[in-house]
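Working notes, beginning with the structure itself.
Please treat every number below as a calculation from the coordinates, not as lab data. Being a predicted model, the structure only gives us computed values, none of them experimental. Cβ: placed from backbone, ideal geometry, glycine included. Neighbour counts: every protein chain shown.
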Amino acid sequence: MSTPAATKRDGFADGGARVAARARSLTKAYGSGETAVLALDAVDVEIERGRFTAVMGPSGSGKSTLMHCLAGLDTVSSGRAWLGDTEITGLGDKELTQLRRDRIGFMFQSFNLLPTLNAAENITLPMDIAGHKPDREWVDRVIDTLGLRDRLRHRPAQLSGGQQQRVACARALASRPELIFADEPTGNLDSQAGLEVLRFLREAVDELGQTVVMVTHDPSAAAHSDLVLFLADGRIVDRIERPTAEAVLERMHIFAAATAPPGAAPDPDPLN
Ligand SMILES: Nc1ncnc2c1ncn2[C@@H]1O[C@H](COP(=O)(O)OP(=O)(O)OP(=O)(O)O)[C@@H](O)[C@H]1O
């Protein structure tokens, strides 16, 4: 059994109650001198607990960098970030590893399942590695919500892409993390399987009370969220509450037109 990650109080009255994650003036530069890239430019953001937040923006706008910095997967150049009331900027590697393992769930485009383990073993793997006993009742609820009950003994190769992503979703939920980060979770799926995964993420928020942050390029995927944050050039430039796919697409076209050089032809696909 491990000891909990060290915490630093941020001094805010609501602490971690309403806000699952937060950043102030978060800045991330890659490289230095003339070749330096400002991936995040003094970002202020709050991720509300119990909500489904989508992060959108053109390629290179800083979506993955923001997610990585909020999840303690990457260091920041300046600014501060908190998970609940724990300040993660300034934590050491060991504390960050513990914090990620104990308090954050991850879902990636490539499902990252171990081929030699069956679905049930993959779902509880992070907890097994950490030496944490799974909460059986919760894990059963996650498995039933995701419709994986009759697939538990199957190995990844015996599952469809959509089923594999559902296992990855169950693995992210299994430890009942404070926050789930999903990076293009439907990117490798056909539209039907992608839709299923989005519905499950929605259910994870509505039925299981989880908090989800999803990076996506797809306006119809973003339409499953409660709030879309738009990034451009490392800044949050807009937001839409209760988004529809049409509203998201329209906003992306407006940004593309505003940032296109004079006389440039309209971008047929402003999301990439
Ligand atoms: N390890 C790195 N070294 C140097 N530059 C990097 C590195 N990682 C990201 N960048 C740069 O930082 C900027 C933001 O990258 P990031 O991956 O966060 O964008 P993104 O919005 O997630 O893009 P995409 O939609 O293409 O995944 C880009 O200009 C990118 O080239």
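Show that you can apply the helix-only estimate: for the chain, add -39,500 (n - 2.57) for every DSSP H stretch of four or more residues, divide by all residues, and state [θ] at 222 nm to the nearest 500. If you can, show how the numbers build up before the last one.
Working: 8 runs with 90 residues, N = 272.
Value at 222 nm, helices only: -10000 deg cm²/dmol.
Please report S32, S61 as a ranked list, fewest other C-beta atoms within 10 angstrom at the top and most at the bottom.
Exposure proxy ranking, most exposed first: S32, S61.
Simple spin-label model, 7 Å along Cα-to-Cβ: A36 to V237 in nm?
Label at A36, label at V237, 2.2 nm between them.
May I ask for the percentage of alpha-carbon pairs in the chain that lie more than 32 Å from each other?
Across the chain, Cα pairs with separations above 32 Å total 24 percent.
Out of the stretch 72-162, which trypsin sites (Lys or Arg not before Pro) are coil in DSSP terms and have no more than 13 other C-beta atoms within 10 Å?
Hits after loop and neighbour filter: R153.
Find the eigenvalues of the gyration tensor of the Cα atoms of the stretch 80-132, then list the square roots of 5 times those eigenvalues as equivalent ellipsoid semi-axes, largest first, in whole angstrom.
26, 13, 9
How are the Cα pair distances of the stretch 158-243 distributed, in percent, across 5 Å bins from 0?
Whole-percent P(r) values from 0 Å outward: 3, 13, 25, 25, 17, 11, 4, 1, 0.
Could you quote the convex hull projected area for the stretch 106-173, Cα atoms only and averaged over all directions, in nm²?
4.2 nm²
How big is the stretch 22-122 along each principal axis, measuring the range of its Cα positions in Å and listing the largest first?
Largest first, the stretch 22-122 extends 48, 30, 29 Å along its Cα principal axes.
Can you give the charge dipole size of the chain about its Cα centre, rounded to the nearest 20 debye, using +1 on the beta carbon of Lys and Arg and -1 on the beta carbon of Asp and Glu?
With only Lys, Arg, Asp and Glu charged at Cβ, the dipole is about 720 debye.
So what is log10(I(q)/I(0)) for the stretch 39-187 at q = 0.13, 0.21 1/Å, when the Debye sum runs over its Cα atoms only?
-0.64, -1.37
Which of M107, M56, M127 has the fewest other C-beta atoms within 10 Å, and how do the rest follow up to the most? Each step should come with its number before you reach the end.
Values: M107 24, M56 28, M127 18.
If I rank by nearby Cβ atoms, fewest first, I get M127, M107, M56.
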